[in-house]
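Here is the structure we will look at, set down as structure tokens.
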Amino acid sequence: QVQLVESGGGLVQAGGSLRLSCAASGRIFSILAMHWFRQAPGKEREFVAAISWSGGTYYADSVNGRFTISRDNAKNTVYLQMNSLKPEDTAVYYCAGGDSVVVTASGHVSSWGQGTQVTVSS
């Protein structure tokens with residue numbers, strides 16, 4: 001199993017930017033598909049973005065064009081650059097992974113980080 005630790009959350013005004021990081025350990029990072037999910041209060045956890053082991057990227061419609069997922073295999077780290085943030089982006093953001101296949105359903109994820117809070121004020 002892979003261990004995941006997120007960082008980089010915080011409070012930002014609408015229109016601002018944040019970059020989340022997720023450090024992985026415990027498995028060979030370069031063969032893993034990595035994901036970001038988020039969960040707002042009272043809502044289900046939802047897919048945000050994913051990056052395959054080969055670098056292919058996938059985004060939820062709600063963040064496409066504003067968020068960018070990337071990875072640095074030398075640092076065993078995946079990033080989520082979030083630009084043009086909106087109040088509706090407020091949520092706890094979770095890094096997820098553990099397998100080599102990209103998934104968009106939270107029930108198919110094998111390992112989760114502890115989450116990092118992102119709050120966007122209007």
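The values are calculated or read from the model by the stated rules, or taken from the named source; none is laboratory data. A quick note: this is a predicted structure, and the numbers were derived from the prediction, not measured. Neighbour counts run over all protein chains shown; Cβ positions are idealised from the backbone, glycine included. When the accessible area is computed, the model is the full protein with side chains, heavy atoms only, and any ligands, DNA or RNA have been set aside. Shrake-Rupley method; radii C 1.70, N 1.55, O 1.52, S 1.80 Å.
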Task: Criterion violated by Gly55 - all others in (1) farther than 25 Å from Gly15 by Cβ; (2) touching a residue at least 24 places away in the same chain (Cβ under 8 Å) satisfied - done: (2)
Open item on the list: For the list (1) of a type in the set (Ser, Thr, Tyr); (2) out of contact with any helix residue (DSSP H, G or I) (no Cβ under 7 Å at 6 or more places or on another chain); (3) open to solvent by 60 Å² or more (accessible area, probe 1.4 Å), I need the number of the one condition that Ser30 fails.
Closed with: (3)
TODO: Given the conditions (1) surrounded by 15 or more Cβ atoms within 10 Å (Cβ to Cβ); (2) part of a strand (DSSP E or B), report the number of the one that Gln117 does not fulfil.
DONE: (1)
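Does Thr104 qualify as being at pLDDT below 95, surrounded by fewer than 18 Cβ atoms within 10 Å (Cβ to Cβ) and either under 15 Å from Leu11 (Cα atoms) or not hydrophobic (A, V, I, L, M, F, W, C) (or both)?
Values: at pLDDT below 95: yes; surrounded by fewer than 18 Cβ atoms within 10 Å (Cβ to Cβ): yes; either under 15 Å from Leu11 (Cα atoms) or not hydrophobic (A, V, I, L, M, F, W, C) (or both): yes.
Taking the combined requirement at face value, the residue satisfies it.
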- [ ] State whether one or more residues within the range 45-68 are buried (at least 22 other Cβ atoms within 10 Å of the Cβ) and of a type outside the set (A, V, I, L, M, F, W, C).
- [x] no
Open item on the list: Being surrounded by 15 or more Cβ atoms within 10 Å (Cβ to Cβ) and part of a loop (DSSP other than H, G, I, E, B) is the filter here; which residues of the range 90-101 pass it?
Closed with: Thr90, Gly98, Asp99
